[in-house]
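Just so it is clear, none of the values below were taken in a lab; they were calculated from the coordinates. The structure displayed is predicted, hence computed values, not measured ones. Here the Cβ is made from the backbone with ideal geometry for all residues, glycine too, and neighbour counts use every protein chain on show.
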Amino acid sequence: MPETTQTPTAPISKAPAPAPPVAKPQPPPATMQTSVQLTFSFEIAAMQLTPSFKMGVLKVRPVSKLVTMRLPSPQRAQSALNLQVAFEVVKIQPVAGALGTIRVVPSQQQRPSMAGMPSFAVAGVQVVQNSETAPVQLTPSQQGRASVFITVPFQISTLEFSPSLEIASVILNSNSKQVVVQLPGAGPGPAEGAPMFEIANLELSENGEIAMMQLNLLGGPKRA
């Protein structure tokens with residue numbers, strides 16, 4: 001029987017696997033935000049001064065239910081966004097000393113005009129007991145009260161629509177106690193360098209509206 005000769009086969013060389021594609025860096029997605037600013041109209045009910053006769057505490061009460069909703073300007077925007085819409089406050093549910101949850105409805109009314117006089121007539125001066133940081137309280141007269149705009153940061157929580165698909169109400173939330181106080185005429189939004197205050201006390205009336213709000217200047221007295 002003839003012998004068979006086996007020829008060794010050469011190993012099959014496999015082609016190198018292709019390199020995985022390199023992922024190209026994607027631009028960061030646009031930041032989604034629900035932040036807005038609500039500006040309230042208040043009048044000064046009392047002002048407490050420090051021993052060095054500097055403002056330490058403001059006590060204010062609202063002069064209107066109307067507020068202005070404004071989009072905060074982007075940090076890199078070339079110009080400020082002057083988008084403002086008038087709303088009327090219909091319900092407030094404070095949370096932990098902040099304004100908490102607030103419901104507003106669109107309004108066609110105009111916010112009452114407020115004089116921008118940087119002064120008020122003093123009706124009385126008294127010493128506040130148990131207050132070492134702001135012991136002197138000034139009370140304005142009925143005829144010479146000063147008005148201020150108070151801007152508070154909020155987050156839009158819910159939009160409610162009418163049967164005709166128009167915005168019926170907006171529900172907003174705020175857990176911030178820091179607010180910006182400005183005199184009328186300063187501009188549509190918080191100006192750079194405007195004083196920052198902190199909500200120290202918030203009083204509501206029987207129908208759930210703001211009756212009085214005490215604001216402490218940040219960096220100033222912690223209690224009145």
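A Förster distance of 45 Å, applied to the separation of the beta-carbon atoms of Asn130 and Ser164, puts the FRET efficiency at 0.20. Near the amide H of Ala146, within less than 5 Å, lie the amide hydrogens of Ile44, all on another chain or at least 5 residues away, with H placed in the peptide plane. Between Ser141 and Ala121, residue separation times 0.36 nm minus the direct Cα-Cα distance comes to 6.6 nm. Remark: Ser35, Ser131, Ser176 ranked as Ser35, Ser176, Ser131, counting other beta-carbon atoms within 10 Å and listing the fewest first. Between Val90 and Ser107, what is the label-to-label distance in nm when each label sits 7 Å out along the Cα-to-Cβ direction? Taking the two extended label points, one gets 1.3 nm.
A simple spin-label model places the labels of Asn207 and Asn175 3.2 nm from each other, with each point 7 Å out along Cα-to-Cβ.
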